[in-house]
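Taking it in order: structure first as structure tokens, then the write-up.
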Amino acid sequence: MSAPAGEITAPASRVPGKLLLVFAFLLGADQLSKYFVRAWMHPLETVDLTPVLKLQYVRNRGIAFGLLDGYASLIITIGIIVVVVIVMATLLVRDRDGVTWPLALLLAGSSGNLIDRLAFGSVTDFIRLPHWPAFNLADIFIVSGVALLLYHLFLRDGAQGEG
């Protein structure tokens, strides 16, 4: 759609500014939390915060639940592909598409863990709940982003179409 004759319009931004701000904040929070864990704790050191919540410094060389430990090159390659795909998705959507938050969460989480793998050869995990492996803020962002994206794609749109 073009502007009427004589009217000057600015090009529409393909990447929502809100997404960039949320991404930067979340990535910063993830990297800062991991920095403090690496600076103040020794590997496998545990600090009890509550009866169910502990801080435990774990170096995870695999993916979720330590799977693929020993396949660093494959994990890094997949991580780079995931980040590139998410960045490409952000270029295709606009804020009105309702996926700004899920994409920001996914991009921040994926980037945070990829940065760890590239810089340290492992991901710094530190949040520990009973009967669950240690995880980090980036993992929370990824799980939340996937949940919000699935909700948006399958539940929210379907519920709106029924009305």
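Of the residues Phe154, Phe141, only one is over 16 Å from Tyr35 (Cβ atoms) and touching a residue at least 60 places away in the same chain (Cβ under 8 Å); which?
Numbers: Phe154 fails: touching a residue at least 60 places away in the same chain (Cβ under 8 Å).
Of Phe154, Phe141, the one residue that is over 16 Å from Tyr35 (Cβ atoms) and touching a residue at least 60 places away in the same chain (Cβ under 8 Å) is Phe141.
Please go through the stretch 47-67 and give me each residue that is part of a loop (DSSP other than H, G, I, E, B) and surrounded by 15 or more Cβ atoms within 10 Å (Cβ to Cβ), ordered by number. Write out each step before concluding.
Taking the stretch 47-67 and keeping what is part of a loop (DSSP other than H, G, I, E, B), we get 49-53, 61-63, 67.
Listed by number, the residues that qualify are Arg61, Gly62, Ile63.
Condition check ((1) hydrophobic (A, V, I, L, M, F, W, C); (2) surrounded by 14 or more Cβ atoms within 10 Å (Cβ to Cβ); (3) farther than 23 Å from Trp40 by Cα; (4) out of contact with any Asp or Glu (no Cβ under 6 Å at 6 or more places or on another chain)) across all residues:
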position: Asp69; (1), (2), (3), (4): no, no, yes, yes
position: Leu106; (1), (2), (3), (4): yes, yes, yes, yes
position: Val123; (1), (2), (3), (4): yes, yes, no, no
position: His131; (1), (2), (3), (4): no, no, yes, yes
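So, of the residues in the stretch 85-119 that are of a type in the set (Gly, Ala, Ser) and modelled with pLDDT of 90 or more, which turns out to be nearest to the chain's Cα centre (by Cα)? Even if it seems obvious, please write down each step before you answer.
Within the stretch 85-119, the subset of a type in the set (Gly, Ala, Ser) is 89, 98, 104, 108-112, 119.
Those left that are additionally modelled with pLDDT of 90 or more: 104, 108-112, 119.
Values: Ala104: 7, Ala108: 4, Gly109: 2, Ser110: 4, Ser111: 6, Gly112: 7, Ala119: 17 Å.
Taking the candidates together, the pick is Gly109.
Check Gly70 against each of (1) part of a loop (DSSP other than H, G, I, E, B); (2) in contact with a strand residue (DSSP E or B) (Cβ under 9 Å, 6 or more places away or on another chain) and name the one condition it does not meet.
(2)
Quickly run through the stretch 15-36 and pick out the residues that are farther than 16 Å from Arg117 by Cα, modelled with pLDDT of 95 or more and either surrounded by 15 or more Cβ atoms within 10 Å (Cβ to Cβ) or touching a Lys or Arg at 6+ places or on another chain (Cβ under 9 Å) (or both).
Across the stretch 15-36, the qualifying residues are Leu26, Ala29.
The values are calculated or read from the model by the stated rules, or taken from the named source; none is laboratory data. All values reported here derive from a predicted model rather than from experimental measurement. Glycine also receives a Cβ, built like all others from the backbone with ideal geometry; neighbour counts cover every protein chain displayed.
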